[in-house]
1. Among the candidates Ser53, Ser94, which residue alone is at pLDDT below 95 and not β-branched (Val, Ile, Thr)?
2. Hey, Ser53 hits all of (1) open to solvent by 20 Å² or more (accessible area, probe 1.4 Å); (2) within 11 Å of the chain's Cα centre (by Cα) but one; which does it fall short on?
3. Within segment 85-113, take every residue that is open to solvent by less than 60 Å² (accessible area, probe 1.4 Å) and not in a strand (DSSP E or B) and give me the one that is nearest to Leu4 (Cα to Cα).
4. From the list Gly26, Gly42, which one is open to solvent by 60 Å² or more (accessible area, probe 1.4 Å) and over 15 Å from the mean Cα position of the chain (by Cα)?
5. Filter segment 29-39 for residues that are among the hydrophobic types (A, V, I, L, M, F, W, C) and open to solvent by less than 60 Å² (accessible area, probe 1.4 Å) and give the result.
6. What number goes with the only condition from (1) farther than 22 Å from Pro87 by Cα; (2) open to solvent by less than 30 Å² (accessible area, probe 1.4 Å); (3) out of contact with any Lys or Arg (no Cβ under 9 Å at 6 or more places or on another chain) that Phe67 does not pass?
7. Hey, can you tell me all the residues within segment 35-94 that are among the aromatic types (Phe, Trp, Tyr) and in contact with a Ser or Thr (Cβ under 6 Å, 6 or more places away or on another chain)?
8. Filter segment 1-23 down to residues that are exposed (fewer than 13 other Cβ atoms within 10 Å of the Cβ) and closer than 15 Å to Asn103 by Cα and give me whichever is modelled with the highest pLDDT.
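The values are calculated or read from the model by the stated rules, or taken from the named source; none is laboratory data. Just so we're clear, the structure is a prediction, and the values are computed from it rather than from any experiment. Quick reminder, even Gly has a Cβ in these numbers, built from the backbone with ideal geometry, and neighbours come from all protein chains shown. To get the accessible areas, we keep the full protein, side chains included, count just its heavy atoms, and leave off ligands, DNA and RNA. Shrake-Rupley method; radii C 1.70, N 1.55, O 1.52, S 1.80 Å.
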Amino acid sequence: QVQLVESGGGLVQPGESLRLSCVASGILFRFSPMRWYRQAPGNERELVATISSGGITNYADSVKGRFTVSRDNAKSTLYLQMNSLKPEDTAVYSCGVEYRARNYWGQGTQVTVSS
């Protein structure tokens, strides 16, 4: 019954911005550490950003200073603000949570950065 639904992806040029959203259900969202992952074609899934239930954030070195993860507990929604996008950011982005000792991911949203 855990459900994570991402949205907000699209095609942008290098240097532009996107904001991704992830609406969660089936979990106690306000108590749950949340994560953003990405997976490019032919690559393994990569952890991009995390945010604790209290709002403490961590980022992969590759996105630090460009991406910002946030959450709105009242809306059970996770966000990823992506600025200064680069072609190497192209991937399917999914949100994730560990709930009852299992990892869950959404279906993902495609982000393509190309000139």
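1. Details: Ser94 fails: at pLDDT below 95.
Criteria check complete, one pass: Ser53.
2. All conditions pass for Ser53, except number (2).
3. Gly106
4. Numbers: Gly26 fails: open to solvent by 60 Å² or more (accessible area, probe 1.4 Å).
On inspection, the qualifying residue turns out to be Gly42.
5. If we filter segment 29-39 for residues that are among the hydrophobic types (A, V, I, L, M, F, W, C), which is where we start, we get 29, 31, 34, 36.
Matches in segment 29-39: Phe29, Met34, Trp36.
6. All conditions pass for Phe67, except number (1).
7. Applying the first criterion (among the aromatic types (Phe, Trp, Tyr)) to segment 35-94 yields 36-37, 59, 67, 79, 93.
Selection gives Tyr37, Tyr79, Tyr93.
8. By that ranking, first place goes to Gln3.
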